[in-house]
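The values are calculated or read from the model by the stated rules, or taken from the named source; none is laboratory data. Given the structure is predicted, the values throughout are model-derived calculations rather than measurements. A quick note on method: Cβ atoms are made from the backbone with ideal geometry, for glycine too, and the neighbour counts reach across all protein chains shown.
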Amino acid sequence: MLATLRHFTFLGLFLAVFGMSTGLHAQQDSSDTEAEVKEMAQKQFERMYEKVIENTSDRMVLTGGVKPFAVVTDTGDNVKVVRLKQAEEMPAELALEVVRRSLRVLVGKGKVGATTLVYVADNPNQESEADKVLVAEMEHIFGLTFAQLTPYTMKDGEPRFGEPVVVDMEPSIFKTEEKSGEEADQ
(Lines give C-alpha, C1' and ligand atoms only; values in the text may rest on other atoms or scores of the structure.)
Protein backbone atom coordinates (compact mmCIF):
# COMPACT_ATOMS: atom_id res chain seq x y z
CA MET A 1 0.00 0.00 0.00
CA LEU A 2 2.84 2.38 0.87
CA ALA A 3 4.48 1.73 -2.49
CA THR A 4 1.21 2.49 -4.26
CA LEU A 5 0.85 5.77 -2.38
CA ARG A 6 4.42 6.68 -3.35
CA HIS A 7 3.52 6.03 -6.98
CA PHE A 8 0.53 8.37 -6.81
CA THR A 9 2.55 10.99 -4.97
CA PHE A 10 5.35 10.82 -7.53
CA LEU A 11 2.98 10.84 -10.51
CA GLY A 12 1.06 13.79 -9.06
CA LEU A 13 4.27 15.66 -8.31
CA PHE A 14 5.62 15.01 -11.79
CA LEU A 15 2.46 16.15 -13.50
CA ALA A 16 2.17 19.24 -11.31
CA VAL A 17 5.82 20.28 -11.64
CA PHE A 18 6.10 19.80 -15.36
CA GLY A 19 2.54 20.89 -15.99
CA MET A 20 2.35 18.23 -18.67
CA SER A 21 2.99 20.99 -21.17
CA THR A 22 5.93 19.42 -23.01
CA GLY A 23 3.74 17.31 -25.26
CA LEU A 24 0.67 19.52 -25.59
CA HIS A 25 0.11 19.90 -29.31
CA ALA A 26 -3.49 21.08 -29.39
CA GLN A 27 -3.97 24.78 -29.99
CA GLN A 28 -5.88 26.38 -27.12
CA ASP A 29 -7.91 29.57 -27.23
CA SER A 30 -6.94 30.65 -23.72
CA SER A 31 -4.76 29.71 -20.79
CA ASP A 32 -7.93 28.72 -18.90
CA THR A 33 -8.74 26.12 -21.55
CA GLU A 34 -5.17 24.82 -21.52
CA ALA A 35 -5.26 24.52 -17.72
CA GLU A 36 -8.58 22.64 -17.92
CA VAL A 37 -7.16 20.22 -20.47
CA LYS A 38 -4.09 19.59 -18.31
CA GLU A 39 -6.23 19.04 -15.23
CA MET A 40 -8.54 16.65 -17.09
CA ALA A 41 -5.60 14.67 -18.51
CA GLN A 42 -3.88 14.49 -15.12
CA LYS A 43 -7.03 13.09 -13.50
CA GLN A 44 -7.41 10.54 -16.29
CA PHE A 45 -3.76 9.45 -16.00
CA GLU A 46 -4.10 9.11 -12.22
CA ARG A 47 -7.25 6.98 -12.52
CA MET A 48 -5.65 4.81 -15.20
CA TYR A 49 -2.48 4.36 -13.14
CA GLU A 50 -4.58 3.30 -10.14
CA LYS A 51 -6.07 0.53 -12.33
CA VAL A 52 -2.57 -0.41 -13.50
CA ILE A 53 -1.35 -0.93 -9.94
CA GLU A 54 -4.49 -2.86 -8.91
CA ASN A 55 -4.24 -5.22 -11.88
CA THR A 56 -0.47 -5.57 -11.82
CA SER A 57 -0.14 -6.31 -8.12
CA ASP A 58 -2.86 -8.98 -8.25
CA ARG A 59 -1.32 -10.65 -11.30
CA MET A 60 2.18 -10.59 -9.84
CA VAL A 61 0.97 -12.25 -6.64
CA LEU A 62 -0.90 -14.96 -8.57
CA THR A 63 1.54 -15.65 -11.40
CA GLY A 64 4.79 -13.89 -10.51
CA GLY A 65 4.63 -11.81 -13.69
CA VAL A 66 2.49 -9.66 -15.95
CA LYS A 67 1.70 -10.06 -19.63
CA PRO A 68 1.24 -6.80 -21.55
CA PHE A 69 -2.16 -5.17 -21.11
CA ALA A 70 -3.67 -1.71 -21.35
CA VAL A 71 -5.84 0.68 -19.44
CA VAL A 72 -7.87 3.22 -21.40
CA THR A 73 -10.13 6.15 -20.76
CA ASP A 74 -12.95 6.14 -23.27
CA THR A 75 -14.70 9.20 -24.66
CA GLY A 76 -17.29 8.88 -21.88
CA ASP A 77 -14.48 9.31 -19.29
CA ASN A 78 -14.76 5.67 -18.16
CA VAL A 79 -11.54 3.86 -17.21
CA LYS A 80 -11.33 0.29 -18.50
CA VAL A 81 -8.74 -2.47 -18.38
CA VAL A 82 -8.02 -4.06 -21.76
CA ARG A 83 -6.66 -7.60 -21.75
CA LEU A 84 -6.46 -9.75 -24.83
CA LYS A 85 -6.92 -13.48 -24.22
CA GLN A 86 -4.64 -14.28 -27.16
CA ALA A 87 -1.91 -12.04 -25.75
CA GLU A 88 -1.93 -13.96 -22.47
CA GLU A 89 -0.80 -17.06 -24.38
CA MET A 90 1.89 -15.36 -26.52
CA PRO A 91 5.54 -14.60 -25.78
CA ALA A 92 5.77 -11.21 -24.05
CA GLU A 93 7.38 -9.33 -26.97
CA LEU A 94 4.73 -10.51 -29.43
CA ALA A 95 1.94 -9.83 -26.93
CA LEU A 96 3.23 -6.28 -26.45
CA GLU A 97 3.05 -5.59 -30.18
CA VAL A 98 -0.44 -7.12 -30.45
CA VAL A 99 -1.74 -4.98 -27.57
CA ARG A 100 -0.08 -1.86 -29.03
CA ARG A 101 -1.68 -2.44 -32.44
CA SER A 102 -5.05 -3.19 -30.85
CA LEU A 103 -4.90 0.14 -29.00
CA ARG A 104 -4.22 1.92 -32.29
CA VAL A 105 -7.36 0.32 -33.73
CA LEU A 106 -9.43 1.47 -30.73
CA VAL A 107 -8.03 4.98 -31.01
CA GLY A 108 -8.71 4.98 -34.76
CA LYS A 109 -12.38 4.29 -34.06
CA GLY A 110 -12.55 7.48 -31.99
CA LYS A 111 -13.64 5.69 -28.82
CA VAL A 112 -10.54 6.31 -26.67
CA GLY A 113 -9.09 9.55 -25.32
CA ALA A 114 -6.17 8.26 -23.24
CA THR A 115 -4.15 5.04 -23.06
CA THR A 116 -1.70 3.36 -20.73
CA LEU A 117 0.23 0.42 -22.16
CA VAL A 118 1.66 -1.77 -19.40
CA TYR A 119 4.43 -4.36 -19.61
CA VAL A 120 7.51 -5.66 -17.84
CA ALA A 121 11.03 -5.03 -19.17
CA ASP A 122 14.60 -5.56 -18.03
CA ASN A 123 15.78 -2.78 -15.75
CA PRO A 124 18.08 -0.46 -17.73
CA ASN A 125 19.72 0.67 -14.45
CA GLN A 126 22.48 -1.88 -13.91
CA GLU A 127 23.21 -0.50 -10.43
CA SER A 128 19.70 -1.22 -9.18
CA GLU A 129 18.83 -4.24 -7.04
CA ALA A 130 15.72 -4.79 -9.16
CA ASP A 131 16.19 -6.82 -12.34
CA LYS A 132 12.85 -5.76 -13.83
CA VAL A 133 10.80 -2.60 -14.27
CA LEU A 134 7.08 -2.15 -14.70
CA VAL A 135 6.63 0.16 -17.69
CA ALA A 136 3.50 2.30 -18.05
CA GLU A 137 3.48 4.18 -21.37
CA MET A 138 0.87 6.93 -21.01
CA GLU A 139 -0.57 8.85 -23.94
CA HIS A 140 -3.40 11.35 -24.31
CA ILE A 141 -5.33 12.48 -27.35
CA PHE A 142 -4.10 16.04 -26.68
CA GLY A 143 -0.49 14.95 -27.16
CA LEU A 144 0.61 14.43 -23.57
CA THR A 145 3.01 11.48 -23.64
CA PHE A 146 5.47 9.96 -21.14
CA ALA A 147 6.51 6.61 -19.68
CA GLN A 148 6.83 5.73 -16.03
CA LEU A 149 9.38 3.01 -15.20
CA THR A 150 8.99 1.46 -11.77
CA PRO A 151 11.63 -1.02 -10.62
CA TYR A 152 10.33 -3.97 -8.66
CA THR A 153 11.36 -7.18 -6.96
CA MET A 154 9.27 -10.09 -5.76
CA LYS A 155 9.64 -10.78 -2.03
CA ASP A 156 7.65 -13.48 -0.26
CA GLY A 157 5.32 -13.69 -3.27
CA GLU A 158 4.52 -9.97 -3.15
CA PRO A 159 5.78 -7.26 -5.51
CA ARG A 160 7.92 -4.58 -3.88
CA PHE A 161 8.04 -1.45 -6.00
CA GLY A 162 10.92 1.00 -5.96
CA GLU A 163 10.93 4.68 -6.83
CA PRO A 164 9.47 5.30 -10.29
CA VAL A 165 11.28 7.28 -12.95
CA VAL A 166 9.39 9.32 -15.53
CA VAL A 167 10.89 9.62 -19.00
CA ASP A 168 9.88 11.30 -22.23
CA MET A 169 8.83 9.10 -25.10
CA GLU A 170 7.54 9.44 -28.62
CA PRO A 171 3.84 8.70 -29.13
CA SER A 172 3.18 5.18 -30.35
CA ILE A 173 -0.61 5.00 -30.06
CA PHE A 174 -1.82 8.54 -30.89
CA LYS A 175 0.52 8.97 -33.83
CA THR A 176 -0.48 11.68 -36.26
CA GLU A 177 0.91 10.85 -39.65
CA GLU A 178 0.47 12.84 -42.84
CA LYS A 179 -1.62 10.91 -45.34
CA SER A 180 -0.56 10.85 -48.95
CA GLY A 181 -2.80 12.68 -51.42
CA GLU A 182 -4.27 9.43 -52.72
CA GLU A 183 -5.16 8.18 -49.21
CA ALA A 184 -6.65 11.55 -48.20
CA ASP A 185 -8.97 11.55 -51.24
CA GLN A 186 -10.54 8.18 -50.37
With the requirement that a residue be out of contact with any helix residue (DSSP H, G or I) (no Cβ under 6 Å at 6 or more places or on another chain), closer than 24 Å to Val166 by Cβ and of a type outside the set (A, V, I, L, M), what does the range 96-116 give you? Glu97, Arg100, Arg104, Gly113
Could you tell me whether the range 103-111 includes any residue that is surrounded by fewer than 20 Cβ atoms within 10 Å (Cβ to Cβ) and assigned to a strand (DSSP E or B)? no
Selection over the range 112-146 where residues are part of a strand (DSSP E or B), small (Gly, Ala, Ser) and farther than 17 Å from Val66 by Cα yields a count of 2
Which one of Ala136, Ala147, Ala121 is over 20 Å from Arg104 (Cα atoms) and modelled with pLDDT of 90 or more? Ala121
Quick check: is even one residue across the range 51-66 in contact with a helix residue (DSSP H, G or I) (Cβ under 7 Å, 6 or more places away or on another chain) and within 24 Å of Lys175 (Cβ to Cβ)? no
Would you say Val66 is β-branched (Val, Ile, Thr), over 14 Å from the mean Cα position of the chain (by Cα) and crowded, with 19+ Cβ neighbours inside 10 Å? yes
Residues of the range 125-158 being touching a residue at least 60 places away in the same chain (Cβ under 8 Å) and hydrophobic (A, V, I, L, M, F, W, C), which ones? Leu134, Ala136, Met138, Phe142, Leu144, Phe146, Met154
Could you count how many residues in the range 42-63 are in contact with an Asp or Glu (Cβ under 9 Å, 6 or more places away or on another chain) and of a type in the set (S, T, N, Q)? 2
I need every pair where a residue in the range 67-89 that is assigned to a loop (DSSP other than H, G, I, E, B) has its Cβ under 7 Å from the Cβ of a residue that is among the hydroxyl-bearing types (Ser, Thr, Tyr), sequence separation at least 6 or different chains. Pro68/Tyr119; Leu84/Ser102
Among Glu34, Glu93, Glu88, Glu129, which is the only one that is closer than 24 Å to Glu163 by Cα and of a type in the set (Asp, Glu)? Glu129
Checked the range 90-102 for anything within 21 Å of Glu54 (Cα to Cα) and either without any contact (Cβ under 8 Å) to a residue 40 or more places away in the chain or outside any helix (DSSP H, G or I) (or both); matches are Ala92, Ala95, Leu96, Val99
